[in-house]
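Asker: There's a structure below that I have some questions on.
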Protein chains: 2
Amino acid sequence: MSDCIFCKIVEGSIPSTKVFENDHVLAFRDIVPAAPVHILVIPKRHIPTMNDVAPEDAALLAEVLLTAQKIAKEEGIAESGYRLINNCNSDGGQTAYHLHFHLLGGRPLGALLEGHSS
Amino acid sequence: MSDCIFCKIVEGSIPSTKVFENDHVLAFRDIVPAAPVHILVIPKRHIPTMNDVAPEDAALLAEVLLTAQKIAKEEGIAESGYRLINNCNSDGGQTAYHLHFHLLGGRPLGALLEGHSS
């Protein structure tokens with residue numbers, strides 16, 4: 001059995017507020033939102049980090065990103081704008097070691113990095 | 001002729017410090033780096049924003065991301081960690097309207113968004 005919290009969300013043994021699901025991809029709201037819209041988009045299959053995405057996972061990786069794009073439209077933030085973020089390993093600030101992209105929007109999101117001017 | 005600054009970088013009429021190039025993808029260093037490693041990875045073809053990526057661009061989108069992954073390894077930040085960011089439209093903070101992913105690393109990158117605690 002996996003100890004991965006996102007695998008448990010995929011399995012349903014940990015609840016989540018799902019916004020999209022198909023056979024390959026799941027999207028759910030972050031429980032500690034950093035913006036009015038803050039959704040995590042993940043592959044259902046356990047891939048720990050961006051480093052672990054293999055060339056043969058290309059279609060899955062694109063599906064995760066295109067799902068985020070589609071959700072942005074559905075959430076009404078496609079035109080106002082949004083940010084997609086993947087954190088990899090410690091310096092990136094990765095906390096859950098199951099590949100995920102943050103979809104953030106609903107307000108001006110500010111600097112690219114904390115403390116940076118643009 | 002395009003007025004897009006990134007198309008001019010692709011064409012070579014604006015100089016850049018390239019770190020990778022093939023027929024589809026170009027990567028070059030940001031001229032105002034926000035971290036010790038700050039590289040922009042772009043499709044050579046002009047796609048204005050993430051909203052404009054079509055389903056048939058899936059392979060290209062994945063190639064952009066997998067190129068960033070490969071560069072992270074070459075730059076020596078794969079294990080320490082990095083962050084991939086795409087800004088879309090105004091709220092996202094997009095400034096150049098040619099699809100690009102920021103690859104950032106070389107130091108702990110801090111909060112997901114400015115002013116957020118994690």
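The values are calculated or read from the model by the stated rules, or taken from the named source; none is laboratory data. Owing to the predicted nature of the structure, the values given are computational and were not obtained by experimental measurement. Cβ: placed from backbone, ideal geometry, glycine included. Neighbour counts: every protein chain shown. Ligands, DNA and RNA are excluded from the accessible area calculation, which covers all protein heavy atoms including side chains. Shrake-Rupley method; radii C 1.70, N 1.55, O 1.52, S 1.80 Å.
Asker: Residues of region B:84-117 being more than 7 Å from chain A (Cβ to nearest Cβ) and hydroxyl-bearing (Ser, Thr, Tyr), which ones?
Answerer: B:Thr95, B:Tyr97, B:Ser117
Asker: Next up: Taking the options A:Ile14, A:Ile42, A:Ile9, name whichever one is away from chain B (no Cβ under 13 Å), more than 17 Å from B:Val53 (Cα to Cα), in contact with a strand residue (DSSP E or B) (Cβ under 8 Å, 6 or more places away or on another chain) and free of Cβ contacts under 8 Å to residues at least 40 places away in the same chain. Don't jump to the end; show me each part of the working.
Answerer: Numbers: A:Ile14 fails: in contact with a strand residue (DSSP E or B) (Cβ under 8 Å, 6 or more places away or on another chain); A:Ile42 fails: free of Cβ contacts under 8 Å to residues at least 40 places away in the same chain.
Going through A:Ile14, A:Ile42, A:Ile9 in turn, the sole match is A:Ile9.
Asker: Could you list, in sequence order, the residues of region B:79-110 that are open to solvent by 10 Å² or more (accessible area, probe 1.4 Å) and among the aliphatic types (A, V, I, L, M)?
Answerer: Scanning region B:79-110 gives a single hit, B:Ala96.
Asker: Being free of Cβ contacts under 8 Å to residues at least 12 places away in the same chain and under 13 Å from A:Leu104 (Cα atoms) is the filter here; which residues of region B:89-118 pass it?
Answerer: Within region B:89-118, B:Ser90, B:Asp91, B:Gly92, B:Gly93, B:Leu112, B:Leu113, B:Glu114, B:His116 meet the criteria.
Asker: How many of the residues in region B:19-32 are over 22 Å from B:Ala59 (Cα atoms) and either among the polar types (S, T, N, Q) or open to solvent by 50 Å² or more (accessible area, probe 1.4 Å) (or both)?
Answerer: Residues meeting the conditions: 3.
Asker: Moving on. Looking for something on the phi > 0 side of the Ramachandran plot, facing chain B (nearest Cβ under 9 Å) and under 16 Å from the mean Cα position of the chain (by Cα) - is there at least one such residue anywhere in region A:58-79?
Answerer: For region A:58-79, residues on the phi > 0 side of the Ramachandran plot, facing chain B (nearest Cβ under 9 Å) and under 16 Å from the mean Cα position of the chain (by Cα): absent.
Asker: Condition first: surrounded by 16 or more Cβ atoms within 10 Å (Cβ to Cβ) and among the acidic types (Asp, Glu). Now tell me which residues in region B:40-78 satisfy that.
Answerer: Those that are surrounded by 16 or more Cβ atoms within 10 Å (Cβ to Cβ) and among the acidic types (Asp, Glu): B:Asp57, B:Glu63, B:Glu75.
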